Amino acid sequence: VIWLTLSLTDAEEGIERARELQATADRLFFQFSDLLEDSGWPLDPSKYFGYRLLLGSEENSCGGSKLRVYMYNSTRDLTKQRLRTGFGMMAAASHMHAYLERSSCLTEDPEEADLFFVPAYHGQQYDEFIEVRAHAGDADERFPYLARRRGTDHFFVVSANLPSWVSLAPLRHAMQLTVESWQTNDGIPRWYSPWKDVMIPGYIDRWRIDAMRAVNKPTEKRGFLLVFHGNHPGTHKL
């Protein structure tokens, strides 16, 4: 029951409460795992593996990097409902935040930071950051280190739909970690810059990876080589 309602707990009571309940669920599972086998309950703990990543159950070494990353708190309120935004093809921003939050390269001292991360999850929270707060009159107070190097040492994640040039203007020198390279939305062409931006893979849920692996074949036995992950622009309004 805890696992099934953990996403709702995160949305209504916050991520710290979700972490507490996740730890409780883990203790109960290991304590009564023998009973679970004979219970007949359709419960597969592996399905909740993504929760562990998103809740930051384990620290990481930042891939061995010596970079120091400062994370802004001024957009912390735009990182809500992580267990809902952290699944599906638009989950990259949620996972990147969760990863950096528990990494050894994070620093609270902006003077020693090599990079500055602005977290905001895909959807209305991301729109609030890119379309409103970055343009607001108090932007210098919310992002006090942005002007120091014209934003060239700042980065944010684009989980889907590149921002328009109008929206991007205050952050035009900042780095985008983006799953998109080129697209036209609302009749406006948008693209990333290989000089500063970084293309990252679109997020794929573990269950979907397992489903693809289940039908995997050796290359010589494949009649076609094709992959599609996403949706057609014509369905955006559906």
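Take LYS221, LYS66 and sort them by solvent-accessible surface of the protein heavy atoms, 1.4 Å probe, largest at the top. Don't skip to the answer; put the middle values down first.
Values: LYS221 145, LYS66 185 Å².
The most accessible residue leads, giving LYS66, LYS221.
Working from Cα positions, state the angle (0 to 90°, nearest 10) between the long axis of helix 2-13 and the longest principal axis of the chain.
30
If I build a Gaussian network model for the chain, linking alpha-carbon pairs within less than 10 angstrom, which residue out of HIS97, HIS154, HIS135 has the largest mean-square fluctuation?
HIS135
Which listed residue (THR75, PRO201, GLN124) has the Cα farthest towards the positive end of the charge dipole for the chain, taking +1 on Lys and Arg C-beta and -1 on Asp and Glu C-beta about the Cα centre?
Positive-end residue among those listed: PRO201.
Under 37 °C and 0.692 mPa s, how fast does the stretch 104-211 diffuse according to Stokes-Einstein, given a Kirkwood radius computed over C-alpha pairs? Answer in µm²/s, whole number. Could the numbers behind the result be given before it?
Details: Rh = 15.1 Å.
Using the Kirkwood radius from Cα pairs, D works out to 218 µm²/s.
Helix 15-37 versus the longest principal axis of the chain: what angle, 0 to 90°, nearest 10, using Cα atoms?
That works out to roughly 20 degrees.
Heavy atoms only, probe 1.4 Å: what % of the accessible area of the chain goes to carbon and sulfur, would you let me know?
Values: 8250 of 14970 Å².
Here carbon and sulfur together make up 55 percent of the probe-accessible area.
Evaluate E = 1/(1 + (r/R0)^6) for ARG148 and THR24, where r is the Cβ-Cβ distance and R0 equals 41 Å; express this FRET efficiency to the nearest 0.05. Walk me through the numbers before you get to the answer.
Details: r = 44 Å, r/R0 = 1.07.
Using R0 = 41 Å, I get an efficiency of 0.40.
Can you figure out the FRET efficiency of ALA214 with ARG172, using R₀ = 35 Å and their beta-carbon distance, to the nearest 0.05?
Numbers: r = 44 Å, r/R0 = 1.26.
Calculated value: 0.20.
To the nearest 10 square angstrom, how much accessible area does ASP34 have with a 1.4 angstrom probe?
110
Under a plain spin-label model, where a point goes 7 Å from the Cα along Cα-to-Cβ, how far apart in nm are ASP186 and ASP205?
Inter-label distance under the simple model: 2.9 nm.
Given a 1.4 Å probe and the protein chains all in place, what does the accessible area of LEU100 round to, in Å² to the nearest 10?
Estimated to the nearest 10 Å², LEU100 gives 10 Å².
Order VAL198, VAL166, VAL179, VAL157 by their accessible area, 1.4 angstrom probe, all chains in place, largest first.
Values: VAL198 65, VAL166 115, VAL179 35, VAL157 5 Å².
Most to least solvent-accessible, the answer reads VAL166, VAL198, VAL179, VAL157.
Compute the FRET efficiency between ASP127 and ASP34 as 1/(1 + (r/R0)^6), taking r as their Cβ-Cβ distance and R0 = 35 Å, and round to the nearest 0.05. Each step should come with its number before you reach the end.
Working: r = 48 Å, r/R0 = 1.38.
Efficiency, from the Cβ-Cβ distance: 0.15.
Please calculate how many Å² of accessible area the chain carries per residue, with a 1.4 Å probe and no DNA, RNA or ligand atoms counted. Working shown, then result.
Details: 14970 Å² over 238 residues.
Using a 1.4 Å probe on heavy atoms only, each residue of the chain averages 63 Å².
How long is the gain from ASP138 to ALA11 if the chain were fully straight, where each residue apart is worth 0.36 nm and the alpha carbon distance is subtracted? Can you show the working numbers first?
Values: separation 127, 0.36 × 127 = 45.72 nm, distance 2.79 nm.
Stretched fully, the ASP138-ALA11 segment lengthens by 42.9 nm.
Using a 1.4 Å probe, how large is the accessible area of GLU141, given in Å² and rounded to the nearest 10?
Counting only protein heavy atoms, GLU141 exposes about 150 Å² to solvent.
Based on Cα coordinates alone, diagonalise the gyration tensor for the chain, multiply each eigenvalue by 5, take square roots, and list the semi-axes in whole Å, largest first. Don't jump to the answer; show the numbers that get you there.
Working: eigenvalues 218, 126, 61 Å².
Equivalent ellipsoid of the chain: 33, 25, 17 Å, largest first.
Which sequence of TRP195, TRP207 reflects their accessible areas, 1.4 Å probe, from the largest down?
TRP195, TRP207
The values are calculated or read from the model by the stated rules, or taken from the named source; none is laboratory data. Note that the structure is a prediction, hence the values are computed from the model and not measured. Counting neighbours? That spans all protein chains shown, and the Cβs are built from the backbone with ideal geometry, glycine included. Note: areas computed on protein heavy atoms with side chains; ligands, DNA, RNA excluded. Shrake-Rupley method; radii C 1.70, N 1.55, O 1.52, S 1.80 Å.
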